[in-house]
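Worksheet: one structure, shown below.
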Amino acid sequence: MIVTRSHRWVLYGIALVFVLSFVTACGGGGQQTQQPASQPSPPTEQPAPPPAQTEEELLIAKGEQLSKSIGCTACHSTDGTKIVGPTWKGLYGHEVEVVLPDGTETTVIADDEYLRESILYPNAKITKGFQANLMPIYQGQLSEDDIKAIIAYIKSLSGEHSHE
Ligand code: HEC
């Protein structure tokens, strides 16, 4: 097309407006409004956790309850008193004199294994000074979890005073 003189001025004008608007858009952000420094949000108050019992405490509580409901504590005291069977107080971790089925006397340490055997097969090792065949045989009567709980309970009764 033929650009006349007046046309040219119009083109210049458009170009100028274009350039100006471009410059304003880029440089015009000079006075940015200061963003208020974001306040650190106050720490959210955590509700105090309930005094949760540890797994061990729960196990001990279960063992205690089982020993009563099954009737172990009819024959076993937890305070050192000798009833039908030996007391459980101070039993765990201590030496026990036992009599084997063939009459041999020996000493064992009352650990988990010994307690487990004493519960499942009471006549495997008879605690010296006590009678065989008095304690019921619990094999098949107690679940693995029950036995663990009872052992945990017996363990918890130890550590203050050994018997005798
Ligand atoms: C009818 C009474 C009686 C009941 C009920 C009874 N026991 Fe016994 N228990 C005995 C006697 C008596 C002995 C000692 C003779 C022996 O070793 O079998 C004994 C021994 C034990 C021993 C070994 C203790 C030691 O000092 O060496 C453990 C452990 C034990 N019993 C756990 C239990 C548990 C656990 C229960 C319940 C699930 C239970 N008993 C229920 C009478 C009983």
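The values are calculated or read from the model by the stated rules, or taken from the named source; none is laboratory data. Every value quoted in this text rests on a predicted model; they were computed, and no experiment measured them. Cβ atoms come from the backbone with ideal geometry, glycine included; neighbour counts cover every protein chain shown. Surface areas here come from the heavy atoms of the whole protein model, side chains and all, with no ligands, DNA or RNA. Shrake-Rupley method; radii C 1.70, N 1.55, O 1.52, S 1.80 Å.
Couple of notes before you dig in:
- Counting only helices (runs of 4 or more DSSP H) that sit completely within region 37-140, those holding 2 or more residues that are over 18 Å from Leu157 (Cβ atoms), within 10 Å of the ligand (Cβ to nearest atom) and free of Cβ contacts under 8 Å to residues at least 40 places away in the same chain correspond to 112-120.
- Val84 being open to solvent by less than 90 Å² (accessible area, probe 1.4 Å), more than 29 Å from the chain's Cα centre (by Cα) and modelled with pLDDT of 65 or more: yes
- In region 54-67, the residues that are of a type in the set (S, T, N, Q) and open to solvent by 100 Å² or more (accessible area, probe 1.4 Å): Gln65
- When Ser158 is tested against (1) within 8 Å of the ligand (Cβ to nearest atom); (2) assigned to a loop (DSSP other than H, G, I, E, B); (3) in contact with a Phe, Trp or Tyr (Cβ under 6 Å, 6 or more places away or on another chain), exactly one condition is not met: (1).
- Residue that is nearest to the chain's Cα centre (by Cα) [pool: residues in region 104-131 that are open to solvent by less than 40 Å² (accessible area, probe 1.4 Å) and among the aliphatic types (A, V, I, L, M)]: Leu115
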